[in-house]
Each structure stands twice: as structure tokens, then as C-alpha cells.
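Everything on this sheet refers to the single structure shown next.
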Amino acid sequence: MDVYDSKDYRYARDWMKETLRLLDEEGHSSTVDLSDVYDHLSFAEYKLGNLKRAAHYTRLMLQNDPTHARAQRNVAYFEELIRTEPEKYINQDDERGEEGEGETAESRESMTQYERYQSLCRGPWPLPKEYDSELTCFYYDNHRTPSLVIRPVKVEVVFHKPRIFMLRGILSEREMDRLKELAGPILKRATAKNADSGKDEPAHYRISKSGWLSSKHDPLGYVDRIDRRIEDFTGLTMSTAEQLQR
């Protein structure tokens, strides 16, 4: 498993939990060894500093295989660490929660850049109440741009400082379906720049697929129409912009 071998234990934990969910749905007829899943989960939680959960998954491993000698030793080891250094491990487990939610102001101060990125991906941090009155919605016609006079853009202010806006209802259902129809046949695995060779190559940490759409892919003109709409509400030209990405 790439994320495990590369020591990306947060994602390794997430993949193992998804494996457990699928095993629960499909029953135990799968070729996946349940003890192996618990073993990987326990080690990932241990490396993340979550000793209580590491011990929990090791006990589940022993329920599945009571004779597993290393699991027996690991349970004793985890329990000893929790007993002798409770302030280091128990509080850490309790504060992080199952998915690392509920960051406090103090915990945010000590976050690494990667941890901040993870927290933001899970959802926005709560804003102070004094900003509520500034988080508004409005219609925007970009200084009376003809195409937007009758149908202005719906804009939501989602963050005060820096000012961040979210545009709503930009594409119709028909347009979204058309983009998916066009993108399907050209999707390829996403690549990353190889620092040594300078070439774009598949990377183990990027498993998504993407495709680039231009007007040449769409004889019906949907892509051109979307490009013109983007130009209208941004005031920028699409001639030097990247193509639509799916």
C-alpha cells in the first residue's frame, strides 16, 4: 500500500477504515485478512500518536486471532505507555477526536502547515461572531455587462479577510452533464512534475483522473459558451487561461 509504505499514516488510516467498511458490507468472504487490516490501522494510529485507538484496534485484532503473539505484546506496550505518560497520550487522543475535529485556538497555534491544510479540507474554522454581518450574498453584473444585466451572477462572501467569494449557479444541469459526457473518454491519471527529470509522470500519491476540455472537443458549443460566461463575470480573457479541467 503506497500511502503506508511512504509513511503517510493519516491517509493509510483512512484507507484502512474504508476497507473495514467494505468488509462489513460484503461480509468476510473477501480475500482481505481482517487481522491484517486491524494491524495496519493500529500501527497508523500509533504513529499518529493516538495510543488509545492503537490499543483498541490491536484488541480487535486479538479477537480475530487470539494467538497473535505480536498483538499481545503491542497491547501491553500501548497500555504501559498510556499508564506511564497519560498527559502525553490520553489528552492527545481526546482532543483530536476520531477524525481530528474540534481544534482549539491553542492546538491551531502548534499545527504544522500540513495539519492546517488537513483541517481546512475538513471544513472551515468557525469565524468570530463579529464577522457575521459582513458575510453577505449579492447579485453581480460586472458594471452592467450586457449578458449579466438580465441574469446577474449570484455571489456569496464566505470569508472576510482576505475577501473570498463563492459564485453560485454558474452552470446549468445540462451544461454539467455535457461536460461529463465530453470528459469521460479523455480522462487520464493525473501526473506530477518529477523533480529530477522535469517531466510530468504518474505519482503514487495522485490517484485521480483528469482531462482538459477546449472548444475543439465540443461541436455543440457548450465549452465556448462557458468560456464566454467566465470572461463576462471576471472581466478577464480566456485566451491565455488554462482549458477547463475535469
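The values are calculated or read from the model by the stated rules, or taken from the named source; none is laboratory data. No experiment lies behind these values; they were computed from the predicted model shown. As a convention, Cβ positions derive from the backbone with ideal geometry for all residues, glycine included, and neighbour counts pool all protein chains shown.
Here are the numbers:
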| read-out | value |
| --- | --- |
| Ser147 touching a helix residue (DSSP H, G or I) at 6+ places or on another chain (Cβ under 9 Å) and at pLDDT below 95 | yes |
| Odd one out for Thr31, checked against (1) among the polar types (S, T, N, Q); (2) buried (at least 16 other Cβ atoms within 10 Å of the Cβ); (3) not in a helix (DSSP H, G or I) | (2) |
| Boolean, Thr191 is surrounded by 13 or more Cβ atoms within 10 Å (Cβ to Cβ), hydroxyl-bearing (Ser, Thr, Tyr) and touching a residue at least 60 places away in the same chain (Cβ under 8 Å) | no |
| Given (1) at pLDDT 85 or above; (2) closer than 30 Å to Pro86 by Cβ, index of the condition Arg10 fails | (1) |
| Top-ranked residue of the stretch 215-246 - restricted to ones that are assigned to a loop (DSSP other than H, G, I, E, B) and surrounded by 13 or more Cβ atoms within 10 Å (Cβ to Cβ), ranked as farthest from the chain's Cα centre (by Cα) | Asp218 |
| Restricting the stretch 150-164 to residues that are under 15 Å from Ile230 (Cα atoms) and without any contact (Cβ under 8 Å) to a residue 60 or more places away in the chain, the residue that is surrounded by the fewest Cβ atoms within 10 Å (Cβ to Cβ) | Arg151 |
| Asn50 being outside the structural domain of Ala203 (by TED's automatic domain parsing), at pLDDT 90 or above, among the polar types (S, T, N, Q) and buried (at least 17 other Cβ atoms within 10 Å of the Cβ) | no |
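Here is a yes/no grid of residues against (1) part of a helix (DSSP H, G or I); (2) of a type in the set (Phe, Trp, Tyr); (3) in contact (Cβ under 8 Å) with a residue 24 or more places away in the chain:
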| site | (1), (2), (3) |
| --- | --- |
| Leu22 | yes, no, no |
| Val37 | yes, no, no |
| Leu41 | yes, no, yes |
| Tyr46 | yes, yes, yes |
| Tyr57 | yes, yes, no |
| Gln72 | yes, no, no |
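Residues are listed down the side, and each one gets a yes or a no for (1) part of a loop (DSSP other than H, G, I, E, B); (2) aliphatic (A, V, I, L, M):
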{"site": "Lys154", "(1), (2)": "no, no"}
{"site": "Phe165", "(1), (2)": "no, no"}
{"site": "Leu171", "(1), (2)": "yes, yes"}
{"site": "Arg174", "(1), (2)": "no, no"}
{"site": "Arg178", "(1), (2)": "no, no"}
{"site": "Ala192", "(1), (2)": "no, yes"}
{"site": "Glu201", "(1), (2)": "no, no"}
{"site": "Ile207", "(1), (2)": "yes, yes"}
